[in-house]
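The values are calculated or read from the model by the stated rules, or taken from the named source; none is laboratory data. Just so it is clear, the model here is predicted, and its values are computed rather than measured. The accessibility values were calculated without ligands, DNA or RNA, using every heavy atom of the protein model including side chains. Shrake-Rupley method; radii C 1.70, N 1.55, O 1.52, S 1.80 Å.
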Amino acid sequence: DSTGAIDIAVDPVNSNNLYAAMWQRTRYPNGGQLFGSTSGIYKSTNGGINWTALGAANGLPNSSSTNVGRIGISISKSNPNILYSIFTNGTTYLGFFKTTNAGLNWTNADPNNQLQDGFSTFSWYFGQVRVHPTNPSIVYVLDFAIMKTTNSGTSWTDLTGFDIHVDNHALAFKPGAPETIIEGNDGGIYNSTNGGNSFTKVAELPITQFYEIGIDKTNPQRLYGGTQDNGTNRTTTGSVSDWESIYGGDGFYVIVDYTNPNVIYAESQNGGFGKSSDGGISFDDATAGINPSEKRNWSTPVVMDPNNSNVLYFGTNKVYRTTNAAANWTAISPDLTNGNQPRL
């Protein structure tokens with residue numbers, strides 16, 4: 001009841017051959033589990049009527065003795081006997097495996113763990129593998145970075161250094177021209193015409209996700225917003241074409257002092273909070289007095305007193321108040337969760 005399919009690969013020559021990656025994943029109000037013994041790869045040779053588990057006997061990690069989390073799997077179109085799978089332990093890299101006999105036997109294709117360089121600590125968010133349509137030795141693995149191998153995993157290149165955003169989720173090859181790829185990540189969509197050696201962002205897509213928006217009350221044309229994995233952004237003219245980033249991370253609440261537009265407060269994930277006194281050119285940490293060990297929500301609430309701009313309120317599992325424009329904060333409530341501190 002806590003396991004579901006997270007990826008599937010279909011043999012392009014014989015569609016009765018199917019491979020499914022199953023993931024045991026639970027989430028509770030105060031936590032969750034990103035791995036489990038029922039995570040694993042299954043194969044069907046009759047279109048899904050019957051399935052066989054592929055595990056330690058086939059050369060894959062043993063989920064009974066190893067924390068196995070999200071799994072990605074991909075099949076070679078030019079040689080369907082070749083497949084690759086990426087295993088995580090729920091948080092980060094566990095292993096990269098290859099089979100040349102349709103899943104019967106798997107070998108560790110990354111014995112030196114070079115792929116670890118492209119992973120962060122939230123690999124449950126990714127799990128994507130792509131095999132070049134005509135050359136099964138070329139493989140892309142998508143995680144925090146994009147990693148590419150041209151020799152089936154012996155060595156890897158990090159493609160994220162070529163002006164491409166992190167947190168990568170999607171990659172497709174142009175039919176008939178596989179060196180042309182389209183890649184999707186938390187920054188948008190990117191094109192490459194040389195197999196990922198360089199990328200160009202598709203800038204025309206208005207798809208940024210705003211968590212919160214703010215406005216400069218002294219000049220309503222100055223609009224601000226905190227965005228998913230694209231920081232705090234603004235326009236000073238109200239135009240759609242001159243937005244700029246002023247604060248990094250995931251962007252959330254952004255407040256402009258209604259008495260002085262040079263004073264700007266911006267936020268990042270899990271309660272990161274900064275203050276600018278020069279109109280957004282530079283920011284300093286503005287959390288002095290807030291207990292760093294207290295739980296904070298992904299989008300931590302912060303508001304400004306409408307009658308006194310020096311007074312702000314900030315919410316962890318307690319409520320904090322500043323009366324001196326975030327020079328320091330003082331808790332004005334007890335733990336309002338009664339000791340139960342969910343991190344959602």
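Descriptive notes on the structure:
- Largest-first ordering by accessible area, 1.4 Å probe, given options Ile213, Ile332, Ile71, Ile189: Ile213, Ile332, Ile189, Ile71
- These residues, Asp229, Asp158, go from largest to smallest accessible area, 1.4 Å probe, as Asp158, Asp229.
- The heavy atoms of Ile182 offer some 90 square angstrom of accessible surface to a 1.4 angstrom probe.
- Among the listed options (i) 20.1; (ii) 24.7; (iii) 17.1, the one matching mean projected area of the Cα convex hull in nm² as calculated from these coordinates is (i).
- With the whole protein complex present, Arg222 retains an accessible surface near 70 Å², based on a 1.4 Å probe.
- For the stretch 30-40, Karplus couplings with θ = phi - 60° (6.51, -1.76, 1.60), whole Hz, Gly/Pro x: 10, x, x, 9, 9, 8, x, 6, 9, 6, x
- Solvent-free Debye scattering, log10 I(q)/I(0), computed from the Cα coordinates of the stretch 243-337 at q = 0.11, 0.22, 0.25 Å⁻¹: -0.28, -1.14, -1.44
- Between the C-alpha center of the stretch 27-103 and that of the stretch 261-294 there is a gap of 42 Å.
- Most mobile listed residue (Glu267, Glu244, Glu179) in the chain, GNM with C-alpha springs under 10 Å: Glu244
- Per-residue SASA remark: Lys318, around 60 Å² accessible (1.4 Å probe; ligands, DNA and RNA not included).
- Largest to smallest accessible area among Ser65, Ser152 [probe 1.4 Å]: Ser65, Ser152
- In the elastic network of the chain, a GNM with C-alpha springs shorter than 10 Å, the most mobile of Ser39, Ser276, Ser241 is Ser241.
- Once divided by 2.2 N^0.38 Å, the Cα radius of gyration of the stretch 74-228 becomes 1.21.
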